[in-house]
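J.: Mind looking over this structure? Questions follow.
Here, each number is a calculation from the coordinates, and none is a lab measurement. In this text the structure is predicted, and so the values were computed from the model without any measurement. Please note: Cβ atoms are built from the backbone with ideal geometry, for glycine as well, and neighbour counts cover all protein chains shown.
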Amino acid sequence: MQGERYSRQLQLKDFGPEAQAKLTKAKVLVVGAGGLGVPVLTYLNAMGVGTLGIVEEDIVSITNLHRQVLYDRDEVGHAKLDIAIGKLKKQNPDTELIPYYDFLTLDNALTIIKGYDLVIDATDNFPTRYLINDACVLLKKPFVYGALHGFEGQVSVFNHNNGPTYRCLFPNMPSATEVPNCNEHGVLGVIPAIVGNLQALEAVKVVTGVGEVLSGKLLLFNGLDQTFRKIKFKAIPANLRITALQEAYGFACGFDEDSIETADFEKLLDDDIQIIDVRTVEEYGEFHLANSINLPLERIEDWKNTIDYDRPVYVLCHSGSRSLEAQSILKAYRNGSNIININGGIEQLKRYAIKY
């Protein structure tokens, strides 16, 4: 039965039973089950990867459905991981599926990643990406990178056979205001599917040894004119010799005392608290906390003097990135004030059935 299931792969002259056996033994960790993670998981599961770990803390949102085709309208509000595991099991019951209902953080990254042969970055933020890179360097694990912006995508493989790392290509993490995200600038639904499938292909090549891996090469895809380009880059030896994770990586990967988890923040909503929502006017108009004030991050410098710094200020955005940037700006403006970042933002608050 198994031979029949994978017969079209087994017939390939340059693939065959040996490569299929490597897939069956492989343990692959996918960080994120969203736009990139859905095609990655769907195809690796279908192709017969033996073990798939999935790190995901988000719930299904109506705005996910145009690109995250594993989910449907009736599943809005449910945990993505619950839905994904159920459907992937039906697709291929032979795959071992290991769920991690969490973000990848400083506390769990090394513990989770060490049990896998390969990591696939299907996230949408830089802090987690740098954390994945550093953990993979320390543990000597390759990781497959994918990124999206509008009609474009990027794919590469880092830390493969002592090849270049993510930091060899992007040495320094940009700030939240320097990098647009799909919540603000959008993404065409089919683009994540294309990039995610390219990531899945690279993962198969790394695991089986078939073909040429995109190590030391950044693949750039433009969906508007259907063009592909490759940029070569070299390893920087110092980036291969790190000895520990950094103390912090930003909003998604470890927080300080000036932050609050959404579960704890939810308990404060009946009180008279000051909430500054730094999302765009459009995002705020779609849904927001009833007692919040909208001061978009791009205008925070102009309006920071309107905030009451004698009271605690809770800063909120979609997922925690822009609010962290706003927190830094407000702290610099009024040193010593109690400026508190809400970890996970609106997306995480949905898990606690907050009424907007």
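J.: Between Glu18, Glu152, Glu261, which gets the highest mean-square fluctuation from a Gaussian network model of the chain, Cα cutoff 10 Å?
T.: Per the Cα network of the chain with a 10 Å cutoff, Glu18 tops the list.
J.: Given labels modelled 7 Å from the Cα in the Cβ direction, how far is it in nm from Ile242 to His66?
T.: 3.5 nm
J.: To continue, here is another question. Order these by the 10 Å Cβ neighbour count, fewest first: Ile242, Ile340.
T.: If I rank by nearby Cβ atoms, fewest first, I get Ile242, Ile340.
J.: Give me the percent relative contact order of the chain, please, defined on Cα pairs under 8 angstrom at least 6 residues apart.
T.: Numbers: 680 pairs, mean separation 55.0, N = 356.
Once normalised by length, the contact order is 15 percent.
J.: Take the chain, connect every pair of alpha-carbon atoms lying under 10 Å apart with a spring to form a Gaussian network, then pick out the residue of Gly345, Gly285, Gly77 with the largest mean-square fluctuation.
T.: Its mean-square fluctuation being the largest, the pick is Gly285.
J.: Follow-up. In debye, nearest 20, what is the charge dipole magnitude of the chain about its Cα centre with +1 on Lys and Arg Cβ and -1 on Asp and Glu Cβ, if you could check? Don't jump to the answer; show the numbers that get you there.
T.: Working: 35 positive and 45 negative charges, 377 e Å.
Using Cβ point charges on Lys, Arg, Asp and Glu, the chain gives about 1800 debye.
J.: Most exposed first by the Cβ proxy, i.e. fewest other Cβ within 10 Å, how do Lys90, Lys27 rank? Don't jump to the answer; show the numbers that get you there.
T.: Numbers: Lys90 8, Lys27 16.
Going from sparsest to densest Cβ surroundings: Lys90, Lys27.
J.: A further question on this structure: Of His318, His160, His78, which is the most mobile in a GNM of the chain whose springs link Cα atoms less than 10 angstrom apart?
T.: Checking each option, the largest mean-square fluctuation is seen for His78.
J.: Counting pairs of alpha carbon atoms under 8 Å apart in space and at least six apart in sequence, what relative contact order in percent does region 259-352 give? Can you show the working numbers first?
T.: Values: 146 pairs, mean separation 33.9, N = 94.
Across region 259-352, relative contact order equals 36 percent.
J.: Can you give me the C-alpha center-to-center distance between region 268-342 and region 187-236, rounded to a whole angstrom?
T.: 38 Å
J.: Tell me what the chain gives for mean residue ellipticity at 222 nm when only DSSP H runs of n ≥ 4 count, each as -39,500 (n - 2.57), the sum divided by the residue total, rounded to 500 deg cm²/dmol.
T.: Numbers: 15 runs with 120 residues, N = 356.
So the helix-based figure for the chain works out to -9000 deg cm²/dmol.
J.: Seen from all sides and averaged, what is the projected area of the convex hull of the Cα atoms in the chain, in nm²? Don't skip to the answer; put the middle values down first.
T.: Working: hull surface 74.5 nm².
Result: a mean projected hull area of 18.6 nm².
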